[in-house]
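One structure is given here, and the rest of the page talks about it.
The values are calculated or read from the model by the stated rules, or taken from the named source; none is laboratory data. If you're wondering where the values come from, they're calculated on a predicted model, not measured in any experiment. Every residue, glycine as well, gets a Cβ built from its backbone with ideal geometry; the counts of neighbours run over all protein chains shown.
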Amino acid sequence: MIRVTCRVSSHTMPPTGIAPLESLPAVSTGTGDGSAPLAPSPPVNEPAAPDRNTAPAPMVVDAQTDQLLVARRLGTAAGLFMALRCKYSPTADHALQVALMCSAWAQELGVSAEERETIEIAALLHDLWLIGVPDRILHKPAGLDAEEVEVLRQCRRAGGDMLRASGAAASLLQTVDCTAAWFDGSYSEGRPVGHEIPRGARMIAIVEAFQSMTTDRIFRPACSKERALAELVRCAGTQFDPELVEQFADLAMRDQSQLYRQQATRWLQELPSQPVHALWSHDWSVPDATNMHVAAYFQAKILDNTRDCVVLVDPALHVIGWNRRTEQLTGIVAESIIGRVWTPEIVTLRDVEGRLVDQRRCPLRRAVATCLQALDRYSFTTCRGGRITVDVQTIPVLNQKGALLGAAMLMRDVSSERSLQELCENLHTRATKDPLTGAANRSELEHVQAQLLDDYRKHGTPVSVMICDLDHFKAINDRFGHQAGDEVLVKTAAVLQDHARPGDLVARYGGEEFVLVCAACGIAAATRRAELIRDRLSEVEHWALGGRCATASIGVTQAQPGDTVDTLLRRADRALYQAKNAGRNQVIQLGGGATDEEPVRRWAFWKRGGTQRAEALVEQDMLVPGPLKFVWEKLRGFVADQQAAVTETREGTLELALSSLLPTQRCKGDLSCTFLVTIQFSAGCSAVEHPGGAATGEPEEIRLHVKVAVDKLPAHARREILARAREITASFRAYLMARTVSPLAPDVLLQQNQSLLLPAWTPK
């Protein structure tokens with residue numbers, strides 16, 4: 001079983017399966033994909049230092065508006081927020097996102113204006129204590145020792161003292177302090193427990209954990225909304241308030257960028273332009289980006305499209321540039337590395353003799369220290385685990401007066417190895433194109449998708465797909481003519497191509513639908529790119545439409561175990577359908593519940609020769625986190641995407657028939673095979689009473705016994721049929737975000753598990 005170590009919150013203690021202690025980095029946790037929970041980590045009095053190398057959160061609206069929002073909400077205390085931004089701007093951006101989401105949530109809950117104000121201010125300032133954390137701790141990539149943990153404890157107390165000295169009210173101080181409290185009292189150090197914790201603190205803890213899990217980190221990519229929400233559900237009752245987690249679920253699945261803008265508008269309209277106690281005048285002006293010299297745009301474009309890896313650092317070796325080719329080969333996105341101190345260990349840089357390059361022999365450090373150019377040969381580790389040989393040229397950068405501005409490192413591939421992305425690029429140049437838009441055609445789309453899915457199965461390299469459909473396109477053709485419609489299609493394809501990265505593929509799927517296949521890209525990053533595409537499309541003016549703009553709806557998904565080209569596209573198309581039903585001009589993501597665990601399986605055995613009957617090819621026992629409505633929704637998605645038929649429903653049991661074409665090696669053509677999937681439901685464990693609240697009455701987890709079988713097993717195709725049965729089981733487990741468990745004995749099953757009555761279930 002493979003476990004992923006992740007960090008969720010900059011100030012909370014790790015829940016079982018949410019966030020390991022940063023002071024104990026070897027501790028691994030579940031990732032929301034259904035992996036088995038670990039025993040609780042030993043209590044530690046203070047959380048470890050926040051990771052300084054986390055990805056900078058994107059601006060909520062724009063730089064000028066973000067700062068104006070802070071000034072309106074905090075007044076004089078905006079100086080404290082600016083100090084936090086100067087210390088580490090990604091944390092300040094993250095705090096503003098948490099505050100806006102908490103504000104929207106509080107508005108829906110109907111809390112009083114006074115309580116909502118306390119929640120918003122507490123969300124903005126709850127990480128203020130990071131100002132006092134020494135850089136040596138913020139920069140430290142390894143675990144923290146006892147002395148460093150004590151420093152963090154003192155910094156947290158100092159954060160409270162700063163708020164207290166600024167005249168913060170008692171309710172605000174208590175809310176900020178209790179954001180670190182666990183609902184069940186674990187790791188809370190005498191703080192309130194259960195519903196005694198201020199509601200605002202319980203809300204901030206949930207929102208911050210969700211935002212952290214859906215943000216890229218240098219040691220892990222961001223997870224999908226569904227996986228983050230499943231993780232919150234799994235930790236409800238221990239770290240989080242279970243009632244609030246259930247209420248937060250609907251808010252979490254909405255369009256986040258639209259939610260931020262709505263709350264930003266409300267703040268600017270409702271809050272006074274001159275806050276009370278505004279004793280200082282603040283200049284929140286931001287330089288206009290349009291004043292940037294045109295040549296800078298050309299330079300940025302060339303930098304991102306060159307085939308060489310380019311790394312730029314300032315005199316202190318902080319990374320200030322990281323181009324797309326470097327992202328492609330290292331697997332580290334620019335947002336997660338910018339601002340971090342460069343070290344050769346980041347890419348495991350080795351010399352020609354295979355020795356690890358240390359800081360003393362680092363080529364970039366040497367260029368900064370000597371102001372001399374150099375050219376050497378090294379190798380580094382790629383994102384796929386292999387090594388690539390590169391010629392490394394380091395160039396010191398000086399201004400006109402000779403002052404050192406930093407250094408640039410160019411790495412050129414001189415090995416015979418060619419990455420999958422390069423193969424896709426070469427294939428793209430040879431393949432036929434759509435004659436109107438220049439995008440790839442449908443056959444090329446299927447070919448490249450099959451290659452990327454194969455790479456996902458072999459190496460685990462993520463691949464995401466987004467389907468973009470122009471809104472009301474028929475009305476455009478009917479009103480302005482087909483030539484106008486063609487202009488819209490061409491410009492839409494151009495926008496998609498502009499947002500494609502090396503290794504990606506833009507294809508015209510049919511009519512006004514386009515598909516962007518994102519190689520080596522998780523669902524969270526793909527969703528952010530889809531939002532940028534949607535925003536850009538809504539700003540492009542079309543002369544054939546009289547200067548009007550056209551909007552688009554986008555569905556996004558990520559490959560998960562058991563996926564085929566068809567199921568991946570169907571899930572993305574289902575997300576697109578939901579976006580259109582929700583009002584169009586939206587981005588909806590589905591899936592991303594992949595699990596890397598090795599399943600507990602039981603296979604059937606057969607004799608050689610002839611046609612054999614198989615009772616069951618694969619059997620597994622699984623545990624699925626509730627509540628039931630989430631389970632049914634995910635199960636409906638599995639049935640729809642696999643085009644399965646419900647053959648029978650009875651109390652506690654659901655039977656599906658799933659047809660599949662299997663390519664066989666020992667006979668010509670494909671073999672049509674119908675798989676029978678039997679799912680038995682029972683309660684995994686009874687509801688428990690949480691501190692300060694009554695039992696929910698629903699099982700916290702649902703136990704499933706899944707059996708995949710075929711009526712007949714042809715001897716010449718038993719390998720292919722068994723492999724497909726395992727894929728179906730893995731896909732089912734991924735859709736439900738389940739984890740496999742050892743089967744219970746029949747007598748224990750009867751004593752401990754109570755059968756669940758299935759509803760009159762039909763796929764929607």
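Condition (residue is modelled with pLDDT of 85 or more, among the basic types (Lys, Arg) and part of a helix (DSSP H, G or I)) applied to region 344-362: is it met by at least one residue? For region 344-362, residues modelled with pLDDT of 85 or more, among the basic types (Lys, Arg) and part of a helix (DSSP H, G or I): present. Checking each residue in region 497-514 for being surrounded by 24 or more Cβ atoms within 10 Å (Cβ to Cβ) and not in a loop (DSSP other than H, G, I, E, B) picks out LEU505, VAL506, ALA507, ARG508, PHE514.
Picking from residues in region 372-385 that are of a type outside the set (Ser, Thr, Tyr), part of a loop (DSSP other than H, G, I, E, B) and surrounded by 13 or more Cβ atoms within 10 Å (Cβ to Cβ), the one that is farthest from the chain's Cα centre (by Cα) is ARG384. Are any of the residues in region 251-273 at pLDDT below 70 and part of a loop (DSSP other than H, G, I, E, B)? Yes; the residues of region 251-273 include at least one that is at pLDDT below 70 and part of a loop (DSSP other than H, G, I, E, B). Criterion applied to GLN451, GLN400 was being of a type outside the set (Phe, Trp, Tyr) and at pLDDT 90 or above, and the one residue passing it is GLN451. When each of VAL414, VAL357, VAL352 is tested for being among the hydrophobic types (A, V, I, L, M, F, W, C) and within 24 Å of LYS301 (Cα to Cα), the lone residue that passes is VAL414. Only one of the listed residues (VAL319, VAL368, VAL310, VAL392) is closer than 22 Å to ASP135 by Cα, in contact with a helix residue (DSSP H, G or I) (Cβ under 9 Å, 6 or more places away or on another chain) and either of a type outside the set (Gly, Ala, Ser) or in a loop (DSSP other than H, G, I, E, B) (or both). That residue is VAL319. Scanning region 515-548 for residues that are surrounded by 20 or more Cβ atoms within 10 Å (Cβ to Cβ), small (Gly, Ala, Ser) and outside any helix (DSSP H, G or I) yields a count of 3. Evaluation of ARG136 against the conditions (1) over 30 Å from the mean Cα position of the chain (by Cα); (2) without any contact (Cβ under 8 Å) to a residue 24 or more places away in the chain shows that the sole unmet condition is (1). Among the residues making up region 477-493, a single one is in contact (Cβ under 8 Å) with a residue 24 or more places away in the chain and more than 16 Å from GLY547 (Cα to Cα): ALA493. For VAL517, the conditions (1) farther than 27 Å from CYS223 by Cα; (2) at pLDDT 95 or above are fulfilled apart from (1). Of the residues making up region 323-336, those that are part of a helix (DSSP H, G or I) and either farther than 19 Å from GLY385 by Cβ or hydroxyl-bearing (Ser, Thr, Tyr) (or both) are ARG324, THR326, THR330, ALA334, GLU335, SER336. Listed conditions (1) assigned to a helix (DSSP H, G or I); (2) surrounded by fewer than 20 Cβ atoms within 10 Å (Cβ to Cβ) are all met by PRO435, apart from (1). Checking GLU648, GLU655 one by one, the residue that is modelled with pLDDT of 80 or more, more than 35 Å from the chain's Cα centre (by Cα) and surrounded by fewer than 19 Cβ atoms within 10 Å (Cβ to Cβ) is GLU648 and no other. Of all the numbered requirements in (1) at pLDDT 75 or above; (2) part of a loop (DSSP other than H, G, I, E, B); (3) of a type in the set (D, E, K, R), GLU446 misses one, and that requirement is (2).
A search for C-beta distances below 8 Å between a residue of region 431-447 that is closer than 20 Å to ASP566 by Cβ and polar (S, T, N, Q) and any residue that is modelled with pLDDT under 90 and surrounded by fewer than 13 Cβ atoms within 10 Å (Cβ to Cβ), counting only pairs 6+ apart in sequence or on different chains, returns ASN441/THR432; SER443/THR432. Scanning region 515-543 for residues that are in contact with a His (Cβ under 8 Å, 6 or more places away or on another chain) and without any contact (Cβ under 8 Å) to a residue 60 or more places away in the chain gives LEU516, LEU532, ARG536.
Do the conditions hold for SER112, that is, is it in the same structural domain as ALA165 (by TED's automatic domain parsing) and modelled with pLDDT of 85 or more? For SER112, the condition - in the same structural domain as ALA165 (by TED's automatic domain parsing) and modelled with pLDDT of 85 or more - is met. Within region 115-137, the set of residues being surrounded by fewer than 17 Cβ atoms within 10 Å (Cβ to Cβ) and assigned to a helix (DSSP H, G or I) comprises GLU115, ASP135, ARG136.
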